[in-house]
Amino acid sequence: MKYLLMHQNFEVAEIDIDMDDGRLCGMGKVFCAERIPVGIAVHDGTPDFDMLKSWWMHRSIPISRSGIRKALEVLEMQTSQELLTKCMGLSLSDQYWVKPQDSDLQWEDVNFFDNEFSEDVGNILFGDKPNGTLNMLSPEGASDGWLKKKWKIIDGKRCLVKGGSSFYQEPFNEVIAYRISKRLGIAHIPYTLSYEGKNRMPVSVCEDFVTRDTELIPAGFISKVLPMEQGENKYAHFVRCCEHLGVPRVQESLDELLVLDYLIGNQDRHAGNFGVLRDVKTLTYLGFSPIYDCGTSLRYDTPTVYIEPDLDIESQPFLHFHNEQIQFVQHPEVFDLEKLAGIEEEIAEIFNDDRAAAYIDAARQEKILAVITKRIQMLTELLEQQPWETEELEQGMKME
Ligand SMILES: Nc1ncnc2c1ncn2[C@@H]1O[C@H](COP(=O)(O)OP(=O)(O)O)[C@@H](O)[C@H]1O
Ligand SMILES: [Mg+2]
């Protein structure tokens with residue numbers, strides 16, 4: 001079926017969607033090449049079709065998402081791209097959508113920043129039984145990530161509600177990471193804890209940091225705008241791509257991200273878990289988005305007895321281990337780790353709730369606090385070693 005790829009009310013290109021499985025199967029006229037999603041190569045005003053196809057596919061819920069197969073079965077759909085098409089590709093993280101070519105719908109009529117949306121699909125993704133006729137119009141179809149999650153309007157605000165995996169630690173980690181950032185003055189979207197369903201499952205809740213005037217562009221798309229040069233490391237390449245686009249405060253924001261990730265031992269800062277914000281009307285870059293998705297940290301997937309606080313934890317996105325990656329921080333002197341004094345008590349308070357203790361027992365709480373204490377101490381020692389040791393770093397870069 002013929003659709004228009006839209007960016008708010010800007011017509012971007014004619015596209016064809018296969019209604020059997022929601023795949024993008026054709027492209028027609030291009031009306032506005034500069035609004036083709038960032039990272040898709042455009043030659044003489046024509047976007048690379050394979051890249052556009054892959055962009056559409058990656059906009060749908062990944063098949064690795066916990067519970068997606070069951071949800072698709074319940075919704076009687078074959079692929080998550082079908083669900084994406086039913087939701088017109090609308091998201092609460094950016095402003096792209098698809099409009100049937102013969103329709104006169106306007107962005108104002110459909111966007112979820114201003115219009116209410118159904119929680120039916122979100123609830124099914126959380127494992128609820130469907131109840132009556134389902135309303136498919138929701139931003140869930142265009143949401144990324146592997147944890148169970150749903151968008152919900154709470155007190156008039158669009159919020160992302162997210163569960164945990166095997167040890168249910170991720171929601172707590174989101175809150176802990178936010179508290180650490182807050183003390184250090186690092187821009188981080190505030191996370192709170194909530195408990196859902198009859199088993200009072202812990203979930204994290206954060207507000208949408210994208211507004212009707214802005215959008216998030218994940219780092220993975222930014223790093224596609226320029227090819228990597230020979231001998232260039234991933235950090236330098238990413239900085240060059242950001243600077244090429246005119247993103248402000250790149251080095252400062254990366255310093256903040258790297259410092260926080262070191263402190264929490266984040267293992268999953270892949271190129272979808274950080275990004276920049278852009279003004280949708282002017283296409284100007286506003287800077288990095290506040291930090292989000294810190295759940296995969298503090299040894300979240302390790303059985304309690306095996307948690308070792310001083311382990312050199314694996315890192316992403318620039319190098320493989322935090323002890324190496326941290327050395328990309330350009331201005332370590334900016335971070336006053338003394339501001340973290342007593343953070344353990346603040347974090348212990350988060351666990352001081354029967355609903356929290358039902359999932360994170362006393363032994364695990366103690367280990368989590370020990371990891372935080374140890375990593376603050378390790379980073380303090382590293383920061384005292386001035387200037388940075390660059391030998392290991394150079395070797396690490398060669399390994400990339
Ligand atoms: N507060 C937010 N505002 C807008 N978009 C968000 C926000 N938090 C996350 N996202 C978007 O939703 C996606 C999934 O959220 P994320 O927290 O990364 O989940 P997961 O832990 O499953 O990877 C992110 O990749 C990002 O695109
Ligand atoms: Mg994520």
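Structure notes:
- Complete set of residues in segment 120-143 that are in a loop (DSSP other than H, G, I, E, B) and aliphatic (A, V, I, L, M): LEU134, MET136, LEU137
- Scanning segment 261-274 for residues that are assigned to a helix (DSSP H, G or I) and more than 15 Å from ligand 2 (Cβ to nearest atom) yields TYR262, LEU263.
- Only listed residue being of a type outside the set (S, T, N, Q), away from ligand 1 (no atom under 16 Å from the Cβ) and touching a strand residue (DSSP E or B) at 6+ places or on another chain (Cβ under 7 Å), chosen from ASP353, ASP312: ASP312
- Options SER165, SER91, SER143: the member that is under 26 Å from ALA356 (Cα atoms), within 14 Å of ligand 1 (Cβ to nearest atom) and among the polar types (S, T, N, Q): SER165
- Look at (1) modelled with pLDDT under 95; (2) under 19 Å from MET19 (Cβ atoms) and you find that SER66 fails only one, number (2).
- Of the helices (runs of 4 or more DSSP H) contained entirely in segment 1-105, those carrying at least 2 residues that are touching a Gly at 6+ places or on another chain (Cβ under 7 Å) and not basic (Lys, Arg) fall at 80-86.
- Single residue of segment 52-72 satisfying the filter (small (Gly, Ala, Ser) and closer than 22 Å to MET27 by Cα) that is farthest from ligand 1 (Cβ to nearest atom): SER54
- Residues of segment 263-274 satisfying the condition of being touching a helix residue (DSSP H, G or I) at 6+ places or on another chain (Cβ under 6 Å), surrounded by fewer than 22 Cβ atoms within 10 Å (Cβ to Cβ) and not hydrophobic (A, V, I, L, M, F, W, C): GLY272
- Condition met for ASN266 (within 16 Å of ligand 1 (Cβ to nearest atom) and either polar (S, T, N, Q) or in contact with a strand residue (DSSP E or B) (Cβ under 8 Å, 6 or more places away or on another chain) (or both)): yes
- Verdict on VAL38 being touching an Asp or Glu at 6+ places or on another chain (Cβ under 9 Å), more than 19 Å from MET19 (Cα to Cα) and either surrounded by 14 or more Cβ atoms within 10 Å (Cβ to Cβ) or not assigned by TED's automatic domain parsing to the domain that holds LEU226 (or both): no
Each row is one residue, and each column tells you yes or no for (1) assigned by TED's automatic domain parsing to the domain that holds ASP354; (2) within 16 Å of ligand 2 (Cβ to nearest atom); (3) within 20 Å of HIS331 (Cβ to Cβ).
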position	(1), (2), (3)
TYR178	no, yes, no
SER181	no, no, yes
HIS188	no, yes, yes
ASP208	no, yes, no
SER223	yes, no, no
GLU232	yes, no, no
PHE238	yes, no, yes
PRO248	yes, no, yes
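- Qualifying positions in segment 349-400 - modelled with pLDDT of 95 or more and outside any helix (DSSP H, G or I): ASN352, ASP353, ALA358, TYR359, ILE360, ASP361
- Residue list for segment 275-291, restricted to those being buried (at least 18 other Cβ atoms within 10 Å of the Cβ) and in a strand (DSSP E or B): GLY275, VAL276, LEU277, ARG278, TYR285, PHE288, ILE291
- Qualifying position, being in the same structural domain as ALA370 (by TED's automatic domain parsing), among the polar types (S, T, N, Q), under 24 Å from TRP55 (Cβ atoms) and within 16 Å of ligand 2 (Cβ to nearest atom), among SER289, SER297, SER315: SER289
The values are calculated or read from the model by the stated rules, or taken from the named source; none is laboratory data. Nothing here was measured: the structure is a model prediction, and the numbers come from that model. All Cβ positions, even for glycine, are placed from backbone atoms using ideal geometry, and neighbour counts span all protein chains on display.
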